[in-house]
Amino acid sequence: MSNYKIKLSKIKAFAFDVDGVFTDGTVLATETGDLLRSHNAKDGFAVRKAIIQGFPVAIITGGASESIVKRFALIGMDRNDIYLKSNYKIPDFIDFCERHKLQPDEVLFMGDDIPDIGVLKLCGLATCPADAVSEVKEISEYISLYPGGKGCVRDVIEQTLKIHNKWNTDPETYSG
Ligand SMILES: [Mg+2]
């Protein structure tokens with residue numbers, strides 16, 4: 001088994017940046033000051049699967065919109081695992097690990113830009129979307145074939161759950 005696959009087999013949790021990972025990085029500013037982001041349903045489905053299978057999932061974003069909380073709470077994420085306004089991400093990543101009794105090297109992280117580099121260096125498996133900035137690609141152990149907002153989150157969750165024999169394709173398991 002490759003080093004990458006060995007690391008995947010040790011992963012017990014996931015953490016993700018939002019802009020440029022769950023989204024293509026586009027933020028639409030409305031007249032009321034709200035920011036609108038377009039998410040990919042396939043990514044949301046994979047997050048829900050991971051949580052159902054017992055893998056905690058965290059969001060660590062510099063974003064501040066309550067719509068981010070609503071989006072991820074809707075797919076089953078614990079509110080405490082959603083870190084907004086996280087401009088220096090390492091303390092939030094460590095808080096997530098401690099609350100779930102995880103070692104940092106048991107967590108897969110995906111980020112796309114310079115604010116993610118600290119956590120990428122600390123986590124167990126550093127991953128990024130196909131269109132991450134070059135500084136992030138250089139330190140990532142896995143670069144998804146999919147860009148931000150186009151299935152890169154699903155890509156890493158699906159690979160991890162498959163290696164743990166937990167990518168159950170029975171639709172009944174994931175209804176509700
Ligand atoms: Mg980002």
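Bear in mind these aren't lab numbers, they're just calculated from the coordinates by the rules spelled out. Only a predicted model underlies this, so the values are computations on that prediction, with no experimental measurement involved. Reconstructed Cβ throughout: ideal geometry from the backbone, glycine too, with neighbour counts over all protein chains shown.
Calculated from DSSP H runs of 4 or more alone, at -39500 (n - 2.57) each and per residue, what is the 222 nm mean residue ellipticity of the chain, nearest 500? Show your work: numbers first, answer last.
Numbers: 7 runs with 63 residues, N = 176.
Calculated mean residue ellipticity at 222 nm is -10000 deg cm²/dmol.
Rounded to the nearest 20 debye, what is the charge dipole size of the range 3-167 about its Cα centre when +1 sits on each Lys and Arg Cβ and -1 on each Asp and Glu Cβ?
Values: 21 positive and 23 negative charges, 165 e Å.
With Lys and Arg at +1 and Asp and Glu at -1, about 800 debye.
Suppose the chain between LYS5 and LEU35 were pulled fully straight at 0.36 nm per residue; how much longer would it get relative to their current alpha carbon spacing? The partial results should precede the final answer.
Values: separation 30, 0.36 × 30 = 10.80 nm, distance 3.75 nm.
Net length gain for the segment: 7.0 nm.
Would the range 36-138 count as rounded, prolate or oblate if I go by the C-alpha gyration tensor, calling it rounded below 1.5 in a/c and otherwise prolate when a/b exceeds b/c, oblate otherwise?
Values: a/c = 1.38, a/b = 1.15, b/c = 1.20.
Judged from the Cα gyration tensor, the range 36-138 comes out rounded (a/c under 1.5).
Return the distance in nm (one decimal) between the two label points of a simple spin-label model at LYS85 and ALA73, each offset 7 Å from Cα along Cα→Cβ.
About 1.7 nm, to one decimal.
Using Cα pairs under 8 angstrom and six or more residues apart, how large is the relative contact order of the chain, in percent? Spell out each step's value before the answer.
On the way: 327 pairs, mean separation 49.7, N = 176.
28 percent.
What fraction, in whole percent, of alpha-carbon pairs in the chain exceed 19 Å separation? List each step's numbers first, then the result.
Details: 8140 of 15400 pairs.
Here the long-distance tail beyond 19 Å is 53 percent of all Cα pairs in the chain.
Measure off 7 Å from each Cα along the Cα-to-Cβ vector at TYR142 and TRP167, then give the distance between these two points in nanometres to one decimal.
Going by the 7 Å Cα→Cβ label model, 0.9 nm.
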